[in-house]
Structure formats: C-alpha cells, structure tokens
Amino acid sequence: MLGCYTRQPTEFSRTIYTQLASVLTRNVSTTSCVSRAEPQPVDHYRADPSDQLSATEPLRSQPRWLRELGIVRSDWTRDEVNEVFQTPLLDLVFHAATAHRMHHNPHMVQRCTLLSIKTGGCPENCKYCAQSSSWSKEVGLKAEKLMDADDVYQAAVRAKESGSTRFCMGAAWRGPSQVGGRQWERVLEMVRRVRGLGMEVCTTLGMLTPEQARQLREAGLSAYNHNLDTSPEYYSQITTSRKYEDRLVTLEAVREAGISVCAGGIIGLGEGPSDRVGLLHQLATLPTHPESVPINALVAVAGTPLGKEGLETPTGFDMARCIAAARVVMPKAMVRLSAGRLSLTPSDQAMCFMAGANSIFDGDKLLTTANNDRNEDLEMFDQLGLTSRPAFMPYVGGNTSTGEQEHGAAAALDAAAAELAASTHPQALQAPTGGCCQTQGECGCQ
C-alpha cells in the first residue's frame, strides 16, 4: 500500500491510510511466545481497548489532522499546526510520508537551478542577506549590473543539459518598480527565452504590482518566489525595510495573475519553535496553498548581522521536522529542500525526502552561497532510487501556471517562445548604457 500513490485519494484510501497509521502507533500486544517490546504511546493515540477498527469510522481518540490526513485544508488553527509540529519526529515523518504518497510519486524529485541575475546593492536590510547595501563593505560584495539576457540564456542551456527542469532567476531588488523600463523589459526577455528551452521558469524579484505580475505571466513565467521568511511575530527582528503585509500583498498579486506561488521560509534565524509553527500556519491558511514551499536552512555569511551572532546551524532533524510538518498541513504542495543542504549528510537528506521533500536546487551556487556538487547529488539519487521530475508535469497543488491549464497550453506557448529565442539577435540583448535605477546607480545598474 505505501509503495503506491494516487493523485486523487478516495475516501476509502484516506480511511485505509488513517487506520494503518493508527494500527502502527497503538500499543503492541501479542499472545505469541516471541517477546516484543511495547513502545510508549503518544497521548492522542491512546484508545479504549474495546475500540474496534472500522472500515468507515476512525479511532475517536485521533485529532482532526490525523483523521483527515492528506485532505487539503485552509482552516488550520495555530494550535493544530503546533500539535503537528510537536509530534515525536519518527511519528511525524511516518504521517508525512503517508500524506506524501497520497498525492505524489515518492521516488520523483525535481532538480532546479538558481541564478543571481542581479547581485548586490539591494536597498532592503534583511539581516541574513549578503546582498544588502547596508553591510556590503562588511561582506565585501560589490553591486553588479543586471546580467545580459544572452548570458542568462546560456546559463539556462547548461542547466538543462545537466538535468535541471526548472530555472530560477533572482535579482537583488526591492522590486521591479525601483528600476527603469529597459531593465524590466530585459528580465521579461529572459523569461521568454528560458521558457523557449522547454524549462519551467521561476523568478524572485522582490515586491510586485498586479501589472508587473500580469506582464510576467504573459512572458511565460511558471512560478514566482516570494518567501515569508519566518512568523509574523518574528519578522521585525529580521528586517525593518518592509512589513509582513507587503509580502502577502505580492503573493496575492501573483496568485491573481495566475502565476504559481512559491513561498516558504528560513530556519536558523534565531527564531524559536513557535515561530516555525507561525510560518507554517501562515502558509497553510492562505486562500490557496502555495504550489511550492521552499524550506531553507540559514547559510550564515560573514559580515551580515546574523553572520556575526554565531547562530546554531539547523540540524538534519530540524529540517526533517519542518518539511514533515509542511507536508502534513499542505499535502499537495511541492516541498522544496532548498538552501543549507551542504550542512546535511546524504542520510539527513534521505530523511527529508521520506518526510515529503520532492525538490532540490542543484549546481555549485545558490545566489551568493555555495551549494552541493551535481555529481554528488546524482550519486545520492542513484543510492536512494530517486528519479528527476520532468518539466511541466502537472502539479497537484497551486495556481494554474504550472498546473493542468498550463500543461494543456504549454505546446503553443513554448513553440512561440522557442521561435523567439532562435530568432533574437544577441546584440539586441546587450545591457543599455547609463543608469536607470532610482538609487542613481548604487545598485550596479550602470
């Protein structure tokens, strides 16, 4: 049963999964002559001995999240999410793995590549980020110009040849509104050309207006990343240059434009368990669950405020717990094991895949920080029996831009984008001269 998966679990299959979870977590008793240890049960698994398993009635002692495991909900209470998060780790991973197999192929993991198309000079003051202009001298990172579209295209070609099926582009901006029209049009051109390669395209460009989101959608953007980072309560400890509500407004603009939402967070920022619960609760109660939920571990960079604090690096168990909880409360989402994999052993990562992670970033760099070697990832995939997820395979959660609607229309859009990519003259894609940024060139646009 657990070796199979179905994209649309029936009421019967949900009941079977629930009852199986109940059986395996109840006290072990036997009349056999073989001596067997009896594990200590978790409180909410205790049931009256007279209770009988029924094909239609779950154990009365189970909380709602276990009775409805695998069902998509947006009415989670914070107490419920906390109960999920605080479940003993092995039990939590078991339940997450069960929910994962209800909606996803457990052997399939997407390989993505992330490229910084505009590095440094960001006016925001996120304490974890090496690209903020607030501490660029301490970090030693000089602001660079927006990359040429042709260079980005060639990087995407190399990524596809290496096996990536989603290409993500990040710019160190507060948002496209801070730059001029020529730079914005160049980004749209990048989206069109990468899409023409037959790859899913994701960008992370800061805060968007509804019009900017619409333009990205028309250019062929598959998904937009805009992480919430942490809980609403802890957010002011991470940045003061924007508010939590600003992030939610951008997510709404992206969702309304029909672009798939990619939103997750970072652990290891000095937050407590309640903040990790708060982040997951915020994501799980959005009007529509994000298609993608990246779970990142802080990669502390020397010179940043958090890099100076000597924070403890999240462990593999920390990552597995967050991923498993995310899988339980957002069962159809792609849970992406993102930054921080260098500190995880292959066994740590295997536990994260078991807990429901079904995506990684490969390549030697994530924006400005080092990442795992591709060959090591391929060896790990081989050892764990994992396969790479193809591009544009319909997602079971999220908005339309990488779901069934896009899958059906992808051929026409991709053909048009491919024709554009083949016919565009490289000289037309060179960076314009002169600064067009509201910071008068301090961001590196000149």
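The values are calculated or read from the model by the stated rules, or taken from the named source; none is laboratory data. Only a predicted model underlies this, so the values are computations on that prediction, with no experimental measurement involved. Cβ: placed from backbone, ideal geometry, glycine included. Neighbour counts: every protein chain shown.
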Residue list for the stretch 305-352, restricted to those being buried (at least 24 other Cβ atoms within 10 Å of the Cβ), small (G, A, S) and closer than 19 Å to A99 by Cα: A320, A324, A325, A326, A333
Tally, over the stretch 255-302, of residues that are in contact (Cβ under 8 Å) with a residue 60 or more places away in the chain, more than 21 Å from Q349 (Cα to Cα), in a helix (DSSP H, G or I) and touching a strand residue (DSSP E or B) at 6+ places or on another chain (Cβ under 8 Å): 1
Residue within the stretch 84-96 that is surrounded by 21 or more Cβ atoms within 10 Å (Cβ to Cβ), over 18 Å from the mean Cα position of the chain (by Cα) and of a type in the set (D, E, K, R) present: no
Qualifying position, being under 17 Å from the mean Cα position of the chain (by Cα), assigned by TED's automatic domain parsing to the domain that holds G268 and closer than 17 Å to I238 by Cβ, among L306, L298, L311: L298
Members of the stretch 316-345 found to be under 15 Å from V109 (Cα atoms) and in contact with a Pro (Cβ under 7 Å, 6 or more places away or on another chain), listed by number: A333, R336, S338
Scan of the stretch 353-364 for residues that are in contact (Cβ under 8 Å) with a residue 12 or more places away in the chain and either more than 23 Å from R101 (Cβ to Cβ) or in a strand (DSSP E or B) (or both), ordered by number: A357, N358, S359, I360, F361, D362, G363
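Go through the stretch 71-122 and count every residue that is under 25 Å from F167 (Cα atoms) and in a loop (DSSP other than H, G, I, E, B). It would help to see each step written out before you state the result.
At the first step, the residues of the stretch 71-122 found to be under 25 Å from F167 (Cα atoms) are 100, 103-122.
Then drop every residue that is not in a loop (DSSP other than H, G, I, E, B), which leaves 104-107, 119-121.
Number satisfying all stated conditions: 7.
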Candidate set: the stretch 264-286, residues that are touching a Ser or Thr at 6+ places or on another chain (Cβ under 9 Å) and within 17 Å of V396 (Cβ to Cβ); chosen: the one surrounded by the most Cβ atoms within 10 Å (Cβ to Cβ): A284
Of the criteria (1) among the aliphatic types (A, V, I, L, M); (2) over 30 Å from M393 (Cα atoms); (3) surrounded by fewer than 20 Cβ atoms within 10 Å (Cβ to Cβ), which one V249 fails: (2)
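Would you confirm, using the coordinates I've provided, whether E271 is more than 17 Å from the chain's Cα centre (by Cα) and of a type outside the set (V, I, T)?
Working: more than 17 Å from the chain's Cα centre (by Cα): yes; of a type outside the set (V, I, T): yes.
For E271, the condition - more than 17 Å from the chain's Cα centre (by Cα) and of a type outside the set (V, I, T) - is met.
Take the stretch 124-147 and flag every residue that is assigned to a loop (DSSP other than H, G, I, E, B), of a type outside the set (G, A, S) and buried (at least 19 other Cβ atoms within 10 Å of the Cβ). I'd like the intermediate steps shown before the answer.
Going residue by residue through the stretch 124-147, those that are assigned to a loop (DSSP other than H, G, I, E, B) are 124-131, 140-147.
Subsequent filtering for residues that are of a type outside the set (G, A, S) retains 124-129, 131, 141-142, 144-147.
Residues satisfying the conditions are E124, C126, K127, Y128, C129, Q131, L141, L146, M147.
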Those residues of the stretch 102-157 which are closer than 18 Å to T203 by Cα and among the basic types (K, R), in sequence order: R111, K118, K145
Residue list for the stretch 81-114, restricted to those being in contact with a Cys (Cβ under 9 Å, 6 or more places away or on another chain) and free of Cβ contacts under 8 Å to residues at least 60 places away in the same chain: none
Enumerated strands (runs of 3 or more DSSP E) restricted to the stretch 149-232, each holding at least 1 residues that are surrounded by 19 or more Cβ atoms within 10 Å (Cβ to Cβ) and in contact with a Lys or Arg (Cβ under 6 Å, 6 or more places away or on another chain): 166-171, 200-204
The stretch 371-384 residues that are more than 12 Å from A350 (Cα to Cα), paired with ones that are acidic (D, E) and modelled with pLDDT under 90 (beta carbon under 7 Å, 6 or more apart): N371/D364; N372/D362; D373/D364; R374/D362
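Could you say which residue among L69, L146 is assigned by TED's automatic domain parsing to the domain that holds A326, at pLDDT 95 or above, of a type in the set (A, V, I, L, M) and farther than 21 Å from L337 by Cβ? First the steps, then the outcome.
Details: L69 fails: assigned by TED's automatic domain parsing to the domain that holds A326.
Only one candidate qualifies: L146.
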